Amino acid sequence: MSAREALVHVVDDDLSMREAISSLLRSIGLKVETYASATEFLDRHPLPRHCPECLVLDVRMPGLSGLELQRQLVQSQRALPIVFITAHGDIPMTVRAMKAGAVEFLPKPFRDQDLLDAIETSLAMSSEVLHEHEATRALKARYDALTPREREVLSLLVQGLRNKQMAAHMGISEVTVKVHRHNIMDKMQASSVPMLIGMLEQLKPVLGESARPAA
């Protein structure tokens, strides 16, 4: 991941703080977007994004607070890696933020390097999530290429049924089952049944219960 591919959002009601952080991040080649409030961020931040991104977020702001914004993002599945910054932090607040998935909680004033380190960690996390999503999309495309009959064979296959058992269950010949199995392995780009099972596990979030082998 190059710096030019990443985007850092800075939300702080203090204009001087926004400008200082923006200047620091741009000096190392990062793209930055700034917002004066949590509400402005929600209004301007489109999804989905296709680049690594993170959020540098002040805790206490007029209107929607940083912690409230974090909660809304999690609830709406728009979660981003968050680096909290605050001049008024306390231990309960820090614990709450970290439990909700924050990467770091930095008290103002903070060292530039501490902020940069936290942002680097956040962008690496975002990049990994993007990679996982892309892999899942590619896998879903391969699954969608299966015929209904092949998906039926796949469901029985991952349950541990042998070719003869699948043939009897489906009312087709064992030779036909073998053809379907070959097509499934080829289309899914799998070299083994355990690999197929792993693929279905990865697809559970997008396929739901249909991706679960019957007990």
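The requirement of being without any contact (Cβ under 8 Å) to a residue 40 or more places away in the chain, among the aliphatic types (A, V, I, L, M), assigned to a helix (DSSP H, G or I) and open to solvent by 70 Å² or more (accessible area, probe 1.4 Å) is fulfilled nowhere in the range 108-122; no residue meets it. Please go through the range 148-167 and pick out each residue that is surrounded by fewer than 19 Cβ atoms within 10 Å (Cβ to Cβ), free of Cβ contacts under 8 Å to residues at least 24 places away in the same chain and either more than 17 Å from S192 (Cβ to Cβ) or among the hydrophobic types (A, V, I, L, M, F, W, C) (or both). Across the range 148-167, the qualifying residues are P148, R151, E152, L161, K164, Q165.
Restricting attention to the range 80-100 and to residues that are in contact with a strand residue (DSSP E or B) (Cβ under 7 Å, 6 or more places away or on another chain) and more than 20 Å from A20 (Cβ to Cβ), the residue that is modelled with the lowest pLDDT turns out to be T94.
Quick check: anything in the range 38-45 more than 12 Å from A102 (Cα to Cα) and assigned to a strand (DSSP E or B)? For the range 38-45, residues more than 12 Å from A102 (Cα to Cα) and assigned to a strand (DSSP E or B): absent. Scanning the range 76-123 for residues that are touching a Cys at 6+ places or on another chain (Cβ under 9 Å) and closer than 16 Å to A38 by Cβ returns L80, I82, V83. If you take the residues in the range 126-143 that are more than 16 Å from L30 (Cα to Cα) and in contact (Cβ under 8 Å) with a residue 60 or more places away in the chain, which one is least open to solvent (accessible area, probe 1.4 Å)? Top of the filtered list is L139. Hey, could you check the range 24-35 for residues that are part of a loop (DSSP other than H, G, I, E, B) and touching a residue at least 40 places away in the same chain (Cβ under 8 Å) and say which is surrounded by the fewest Cβ atoms within 10 Å (Cβ to Cβ)? Filtering the range 24-35 for residues that are part of a loop (DSSP other than H, G, I, E, B) and touching a residue at least 40 places away in the same chain (Cβ under 8 Å), the one surrounded by the fewest Cβ atoms within 10 Å (Cβ to Cβ) comes out as I28.
Candidates are the residues of the range 50-76 that are aliphatic (A, V, I, L, M), farther than 14 Å from D13 by Cβ and crowded, with 21+ Cβ neighbours inside 10 Å; the one that is modelled with the highest pLDDT is L55. Of all residues assigned to the range 36-46, at least one qualifies as being touching a helix residue (DSSP H, G or I) at 6+ places or on another chain (Cβ under 8 Å), open to solvent by 30 Å² or more (accessible area, probe 1.4 Å) and modelled with pLDDT of 90 or more. Cβ separations smaller than 6 Å between residues 6+ apart or across chains give the following pairs from the range 52-68 residues that are in a loop (DSSP other than H, G, I, E, B) to residues that are among the hydroxyl-bearing types (S, T, Y) and open to solvent by less than 20 Å² (accessible area, probe 1.4 Å): P52/S126; V59/T86.
With respect to being without any contact (Cβ under 8 Å) to a residue 40 or more places away in the chain, surrounded by 13 or more Cβ atoms within 10 Å (Cβ to Cβ), within 29 Å of H131 (Cβ to Cβ) and not aromatic (F, W, Y), A79 fits the description. Among the residues making up the range 39-75, a single one is under 19 Å from S126 (Cβ atoms) and small (G, A, S): G66. A residue that is open to solvent by less than 40 Å² (accessible area, probe 1.4 Å) and either at pLDDT 95 or above or within 23 Å of M17 (Cβ to Cβ) (or both) can be found somewhere in the range 173-180. Screening A100, A87 for residues that are surrounded by fewer than 18 Cβ atoms within 10 Å (Cβ to Cβ), closer than 30 Å to L203 by Cβ and not acidic (D, E) leaves exactly one candidate, A100.
The values are calculated or read from the model by the stated rules, or taken from the named source; none is laboratory data. What you see is a predicted model; the values in this text were computed from it and never measured. Cβ atoms come from the backbone with ideal geometry, glycine included; neighbour counts cover every protein chain shown. Just so you know, the surface numbers come from the protein's heavy atoms only, side chains and all, with ligands and any DNA or RNA stripped out. Shrake-Rupley method; radii C 1.70, N 1.55, O 1.52, S 1.80 Å.
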